[in-house]
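One structure is given below, encoded as structure tokens.
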Amino acid sequence: MSLVIPSRLKVGDPVAVVATARAVDYESVEAGIRILMEWGLEVELGKALYHRSQLFAGTDQERLEDLQGALDNPGIKAIFCARGGYGTTRILDSINWKVFRQYPKWVCGFSDITAILCHIHSIGYACLHSTMPQLLNGVDANRDHESLKAALFDMDVKLEATTHPDNRIGVCEGQMVGGNLSLMVHLIGTKSDVDTKGKILIIEEVDEHLYHLDRMMVQLKRAGKLQQLAGLIVGHLTSMKEGDLKFGTSASGVIRSHLQDKDIPIGFGFPFGHQSPNLAVPLGMTGHLEVTQQGSKFTLEYKPSNQSTNNY
């Protein structure tokens with residue numbers, strides 16, 4: 001399947017902000033929307049963006065209609081999911097991708113939004129693992145939204161990490177795939193499951209016990225997701241905990257233990273995930289990973305000839 005890359009953004013482009021998961025914080029999202037407007041974008045808001053139903057940003061139907069409306073609008077060039085949390089998978093199977101295939105656009109987010117990103121990757125379109133409007137104005141978030149803007153407007157993506165004891169030295173190239181580890185595991189066996197063969201897997205996680213992290217890695221391994229990776233990039237492992245069940249190693253050690261027999265580059269400590277810096281990573285596009293004794297770096301291989309040629 002050939003990859004379709006949506007067009008780069010430019011000043012004046014219409015974009016949408018929708019909420020597919022938990023209820024949002026009004027003031028935080030409004031601050032994030034102002035930043036998008038400062039970039040010169042025309043921001044359209046989902047009708048249910050500030051609704052609340054139980055813990056969700058509106059009912060499943062309201063959230064679905066907002067997302068579907070943005071996907072179906074030929075003029076919208078990017079969709080920013082307002083926040084993560086939980087709830088995106090509840091509407092995922094009801095999304096119709098027919099018009100999106102005619103008028104592809106960037107879909108941006110992380111955490112719970114991994115579900116949408118993986119689905120988009122599985123049908124052959126590039127998308128963006130990135131910060132979201134509710135977080136754009138957060139403490140130390142300047143690098144995050146500068147990275148998001150650079151990725152969308154210039155396709156300028158470069159991530160670096162310092163050396164790490166669990167790294168494996170090496171160089172590789174491959175399509176980027178992944179996101180939040182919990183969501184990736186949750187998608188196995190569904191229509192949104194992703195093929196990792198020959199690709200660079202990115203993972204990050206937050207607020208999990210180490211035995212649960214181990215269980216998720218076991219699931220990836222048993223499902224064949226680690227079998228033929230080109231490489232592995234690990235972002236923030238935020239607020240990981242042992243609890244009463246002592247595991248006897250670090251979070252990175254848990255992950256590394258499941259790749260002992262894999263002769264692939266592995267880089268830990270990359271700046272993305274559930275804390276700042278949370279820099280943008282394009283999924284579906286080809287990246288170059290280099291892990292050395294001095295540290296790790298990832299750069300994007302941008303090929304304009306693969307870009308969507310829709311003039312809309």
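Computed from the coordinates by the stated procedures, all read-outs in this text should not be read as laboratory data. Bear in mind that the values here come from a model prediction, so they are computed numbers and not experimental data. So basically every Cβ, Gly included, is an ideal-geometry build from the backbone, and we count neighbours across all protein chains shown.
The alpha-carbon of K149 sits under 14 angstrom from the alpha-carbons of these aspartates and glutamates, leaving out residues fewer than 8 places away in its chain: D13, E38.
Taking every DSSP beta bridge that has both residues in the stretch 159-301, what percent is antiparallel when rounded to the nearest 5?
About 55 percent, rounded to the nearest 5.
Net charge within 10 Å of H236 by Cβ-Cβ distance, Lys/Arg positive one each and Asp/Glu negative one each, not counting H236 itself? After counting each charged neighbour, the total is -2.
Could you work out the helix-only [θ] at 222 nm for the chain, with each DSSP H run of four or more residues adding -39,500 (n - 2.57) and the total divided by the number of residues, to the nearest 500 deg cm²/dmol?
-7500 deg cm²/dmol
Counting only Cβ charges, +1 for Lys and Arg and -1 for Asp and Glu, the dipole size of the chain around its Cα centre is about 680 debye.
Straight-line cross-link partners of K262 among the aspartates and glutamates, defined as a Cα under 20 Å from its Cα and at least 8 positions apart when in the same chain: D166, E173, D195, E204, D214, E290.
How much net charge surrounds T299 when only other residues with a Cβ under 12 Å from its Cβ are counted (Lys, Arg +1; Asp, Glu -1)?
Summing Lys and Arg as +1 and Asp and Glu as -1 gives -3.
Within the shell of other residues whose beta carbon sits under 14 angstrom from the beta carbon of K262, the net charge comes to +3, with Lys and Arg scored +1 and Asp and Glu -1.
Compute and list, largest first, the equivalent-ellipsoid semi-axes of the stretch 63-144 from the alpha carbon gyration tensor, each √(5λ) rounded to a whole angstrom.
Numbers: eigenvalues 93, 39, 28 Å².
Output for the stretch 63-144: semi-axes of 22, 14, 12 Å.
Counting only residues at least eight positions apart within a chain, or on another chain, the lysines with an alpha carbon under 27 Å from that of K98 are K10, K47, K77, K191, K197, K199, K303.
Positive-end ranking of H145, T88, Q102 along the dipole of the stretch 82-146, with charges on Cβ about the Cα centre, is headed by Q102. In this structure the amide hydrogen of E44, modeled in the peptide plane, comes within under 5 Å of the amide hydrogens of V15, A16, V17, none closer than 5 places in sequence on its chain. Comparing V15, V99, V234 in a Gaussian network model of the chain (Cα springs below 10 Å), the most mobile by mean-square fluctuation is V99. Site pair R222 and T162 shows an inter-label distance of 3.8 nm when each label is modelled 7 Å from Cα along Cα→Cβ. Counting only DSSP beta bridges whose two residues both lie in the chain, roughly 45 percent are antiparallel.
Mind checking the dipole of the stretch 159-301: about its Cα centre, +1 per Lys or Arg Cβ, -1 per Asp or Glu Cβ, Debye to the nearest 20?
With Lys and Arg at +1 and Asp and Glu at -1, about 320 debye.
Please work out the C-alpha center-to-center distance from the stretch 32-63 to the stretch 79-122 and express it in whole Å. So the two Cα centres are separated by 14 Å. The listed peptides 279-285, 30-36, ordered by packing as a protection proxy, come out as 279-285, 30-36 (highest mean of other Cβ atoms within 10 Å first).
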